[in-house]
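As structure tokens, the structure follows; a few thoughts come after it.
The values are calculated or read from the model by the stated rules, or taken from the named source; none is laboratory data. In this text the structure is predicted, and so the values were computed from the model without any measurement. So basically every Cβ, Gly included, is an ideal-geometry build from the backbone, and we count neighbours across all protein chains shown. Surface areas here come from the heavy atoms of the whole protein model, side chains and all, with no ligands, DNA or RNA. Shrake-Rupley method; radii C 1.70, N 1.55, O 1.52, S 1.80 Å.
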Amino acid sequence: MHKNLELFVTFMKIGAFTFGGGYAMIPLIQREVCDNKKWMKEQDILEIVAIAESTPGPIAINAATFVGFRTSGFLGAALATLGVVLPSFLIISLISLVLTEFQSVRAVQYAFMGIRAAVLALILKALWMMFKASKKNAFSYFIMAAVLVLTAFVKIDAVYVIIGCGLFGLLWSLLMRKEHSDDTA
């Protein structure tokens, strides 16, 4: 039960002190789960992030659920998910009560500008962490460039790009497996 409570508190802390959504939470999840708590290795977090990105729903909630499940089963998954969601729910509820009265205040506008800048930095850190830890070859650079062009310039919906990348990666994996088996035969 101690680990379940620790999961809840850890993810509540992450949920309470991270603005900007799931991608901004990834570095904090990695630091807490891998470095501070030693529940998982960095490679596990990369796998969890990949799964969380490709399943429906917010990435932070999915990541919390997967970490909780891997760490402590169903109850761990439920408590980690509740922990990451509860602060946002409470904060948004409070903000919605007073935001209309304060949104024209210049200090509030500047505060949100600063928060947006910090969120961008956290997202870039998550990108850098994932880039450093992933295997790189000509194929992965080609996929990265193709995804950038398709989503940013051609404006193809990211869902189709993710499905296409998954299929392309599966095909590549099968070709590499066949090539590897031909080499060993």
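Does MET113 fit the bill of being within 26 Å of ILE51 (Cα to Cα) and out of contact with any Gly (no Cβ under 9 Å at 6 or more places or on another chain)?
Values: within 26 Å of ILE51 (Cα to Cα): no; out of contact with any Gly (no Cβ under 9 Å at 6 or more places or on another chain): yes.
The answer is no for MET113.
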When (1) out of contact with any Gly (no Cβ under 9 Å at 6 or more places or on another chain); (2) assigned to a helix (DSSP H, G or I) are applied to ILE61, the one that fails is (1)
Residues that are open to solvent by 80 Å² or more (accessible area, probe 1.4 Å) and over 16 Å from the mean Cα position of the chain (by Cα): does segment 21-33 have at least one? no
Candidate set from segment 34-53 (those that are among the hydrophobic types (A, V, I, L, M, F, W, C) and touching a residue at least 40 places away in the same chain (Cβ under 8 Å)); member that is least open to solvent (accessible area, probe 1.4 Å): VAL49
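Quick check on this structure: which one of VAL108, VAL149, VAL119 is over 30 Å from VAL161 (Cα atoms), out of contact with any strand residue (DSSP E or B) (no Cβ under 6 Å at 6 or more places or on another chain) and assigned to a helix (DSSP H, G or I)? Spell out how you get there, then give the answer.
Numbers: VAL149 fails: over 30 Å from VAL161 (Cα atoms); VAL119 fails: over 30 Å from VAL161 (Cα atoms).
Exactly one of VAL108, VAL149, VAL119 is over 30 Å from VAL161 (Cα atoms), out of contact with any strand residue (DSSP E or B) (no Cβ under 6 Å at 6 or more places or on another chain) and assigned to a helix (DSSP H, G or I), namely VAL108.
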Can you report the number of residues in segment 54-93 which are open to solvent by 60 Å² or more (accessible area, probe 1.4 Å) and at pLDDT 85 or above? 8
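Considering only residues that are hydroxyl-bearing (Ser, Thr, Tyr) and in a helix (DSSP H, G or I), look in segment 64-105 and name the one that is farthest from TYR23 (Cα to Cα). Don't jump to the end; show me each part of the working.
Step one: list which residues in segment 64-105 are hydroxyl-bearing (Ser, Thr, Tyr), which gives 65, 71-72, 81, 88, 93, 96, 100, 104.
Now drop any that are not in a helix (DSSP H, G or I), which leaves 65, 71-72, 81, 88, 93, 96, 100.
Details: THR65: 15, THR71: 21, SER72: 23, THR81: 16, SER88: 15, SER93: 22, SER96: 23, THR100: 27 Å.
Filtering first and then ranking leaves THR100.
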